[in-house]
Amino acid sequence: MAELMTIRVNGKVHKVQADPEMPLLYLLRNDLKLNGPKYGCGIERCGSCMVLLNGAAQPSCVIPCSAAAVYEVTTLDGLAKNGKLDPVQEAFIEEQAAQCGYCMNGMIMSAKALLAENKNPSDTQIRQALNRVLCRCGTHTRIISAVKKAADKMKNL
């Protein structure tokens, strides 16, 4: 049964009527029309639905809306500020890290969470941080290059 909930997404407070057990992903995509997070597997295995909950990368396909209401939710749609892409987004574009692009949401959100905690990650740390996101296109070397470029960009901010 739907309930009125308040949820903070990308810095905005939203009051939504939703089933508290509905996955956060559905609320983001269907009710708030935020298409950054993608539906992939529905069982938190592929990472295409990744969002930041208080800065930590988490799959939104298994998190109930009611549980997400206590967090600041950030989606790929919310990374750009004042019309300027986030350094992580810029780096992924510059390194041409996307091929089919389906995993990009998860890769970028996981990289954003990593770089918030570690300004100079090693290749191993980058691989570990992105381990929850599947990419079948084979652009892993470009993705790792993009994360390193983003780290360099963020040092100069």
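If a residue must be open to solvent by less than 10 Å² (accessible area, probe 1.4 Å) and more than 20 Å from V16 (Cα to Cα), how many such residues does the range 50-74 contain?
2
Please state which one of I93, I143 is open to solvent by less than 50 Å² (accessible area, probe 1.4 Å) and aliphatic (A, V, I, L, M).
Details: I93 fails: open to solvent by less than 50 Å² (accessible area, probe 1.4 Å).
Result: I143 is the single residue among I93, I143 that is open to solvent by less than 50 Å² (accessible area, probe 1.4 Å) and aliphatic (A, V, I, L, M).
Residues checked against (1) at pLDDT 95 or above; (2) of a type in the set (A, V, I, L, M); (3) farther than 18 Å from L115 by Cα:
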position: M1; (1), (2), (3): no, yes, yes
position: V9; (1), (2), (3): yes, yes, yes
position: V13; (1), (2), (3): yes, yes, yes
position: L34; (1), (2), (3): yes, yes, yes
position: P37; (1), (2), (3): yes, no, yes
position: I43; (1), (2), (3): yes, yes, yes
position: A57; (1), (2), (3): yes, yes, no
position: C61; (1), (2), (3): yes, no, yes
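Do we find a residue being open to solvent by less than 80 Å² (accessible area, probe 1.4 Å), under 19 Å from V73 (Cα atoms) and in contact with a strand residue (DSSP E or B) (Cβ under 6 Å, 6 or more places away or on another chain) anywhere in the range 113-130?
yes
Of everything in the range 29-41, what is under 18 Å from L130 (Cα atoms) and open to solvent by 20 Å² or more (accessible area, probe 1.4 Å)? Give them in sequence order. Working first, answer last.
Taking the range 29-41 and keeping what is under 18 Å from L130 (Cα atoms), we get 36-41.
K38, Y39, G40, C41 - these are the residues of the range 29-41 that are under 18 Å from L130 (Cα atoms) and open to solvent by 20 Å² or more (accessible area, probe 1.4 Å).
Just wondering, is there one or more residues in the range 101-108 that are touching a Ser or Thr at 6+ places or on another chain (Cβ under 9 Å), of a type in the set (F, W, Y) and open to solvent by 30 Å² or more (accessible area, probe 1.4 Å)?
yes
The values are calculated or read from the model by the stated rules, or taken from the named source; none is laboratory data. Note that the coordinates shown come from a computational prediction; the quantities given were computed from them, not determined experimentally. Don't worry about glycine lacking a Cβ; one is built from the backbone with ideal geometry, like all the others, and counts go over all protein chains shown. Accessible surface areas use protein heavy atoms only, side chains included; no ligands, DNA or RNA. Shrake-Rupley method; radii C 1.70, N 1.55, O 1.52, S 1.80 Å.
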